[in-house]
Amino acid sequence: MNSILLDTSFCIRLLKRDDEFHKNTVEYFQYFLENKIEMYLSTIVISEYSVKDDATNLPLRTMKIIPFDFLDGKSSGEFHSILLENKDKTKGIDRLVVKDDCKLIAQIYNRKIEAYITKDKKSFSQIFTPLQNAKSFSVQLLDLVIPLKDFKGELF
């Protein structure tokens with residue numbers, strides 16, 4: 001893995017010391033830094049994060065900020081259309097969440113980002129899998145609930 005898109009849930013937990021997954025998030029962040037994995041931060045995530053905190057509090061110098069552009073909009077619309085054709089797969093997920101996830105996935109797809117980290121594991125099977133199958137692309141999905149040592153397959 002050489003690149004990863006950080007989800008809003010990652011950014012929130014990175015700075016929120018009393019969150020149950022703060023430790024996991026910090027360990028992943030350090031791992032990304034130590035292994036020179038490019039961390040991408042979408043302007044969409046910045047918008048979501050800014051609802052509760054000033055985004056300049058994030059360690060922005062360690063992240064590459066990517067704008068949501070025309071090609072992302074076009075791809076996002078196509079992805080949303082694919083999911084609408086398979087409504088049964090996204091049953092129980094808020095429509096706005098689906099729409100925003102499609103925007104982030106479009107950025108991953110268009111920039112060939114290799115991985116995505118979030119706490120929203122539900123999106124893996126219900127949103128990512130149908131889109132990956134339809135568009136024949138692959139993204140490594142990291143779940144913040146899983147500690148780094150378990151992700152790496154370490155015993156201790």
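Within 10 Å, at most 11 other Cβ atoms, and a DSSP state outside H, G, I, E, B define an exposed site. Report the longest part of the chain free of exposed GluC sites (Glu not before Pro).
21-153
Report the semi-axes of the equivalent ellipsoid for the chain in whole Å, largest first, where each axis is √(5λ) for an eigenvalue λ of the Cα gyration tensor.
After scaling each eigenvalue by five and taking roots: 25, 18, 15 Å.
Give me the percent relative contact order of the chain, please, defined on Cα pairs under 8 angstrom at least 6 residues apart.
For the chain, the relative contact order is 29 percent.
Rank the residues Phe70, Phe124, Phe137, Phe10 as a footprinting-exposure proxy: fewest other Cβ atoms within 10 Å of their Cβ go first.
Placing the least packed residue first, the sequence is Phe70, Phe137, Phe124, Phe10.
Checking the table Lys36/Lys64; Lys36/Lys74; Lys99/Lys152; Lys16/Lys103 against a 22 Å threshold on Cα-Cα, which pairs fail?
Lys36/Lys74; Lys99/Lys152; Lys16/Lys103
Just to be sure I follow the definition: excluding the sites themselves, where is the longest run in the chain that has none of the trypsin sites (Lys or Arg not before Pro) in a DSSP loop with at most 15 other Cβ atoms within 10 Å?
That would be 53-90.
Apply 1/(1 + (r/R0)^6) to the Cβ-Cβ distance of Leu15 and Ile65, taking R0 = 25 Å, and write down the FRET efficiency to the nearest 0.05.
After rounding to 0.05, the efficiency reads 0.90.
Taking Lys135 as the anchor, which aspartates and glutamates have their alpha carbon closer than 12 Å to its alpha carbon, excluding any fewer than eight residues away along the same chain?
Cα-Cα hits under 12 Å: Glu78.
No lab work stands behind these numbers, since they all come straight from the coordinates. Everything numeric in this text was worked out from a predicted model, so none of it was measured. So basically every Cβ, Gly included, is an ideal-geometry build from the backbone, and we count neighbours across all protein chains shown.
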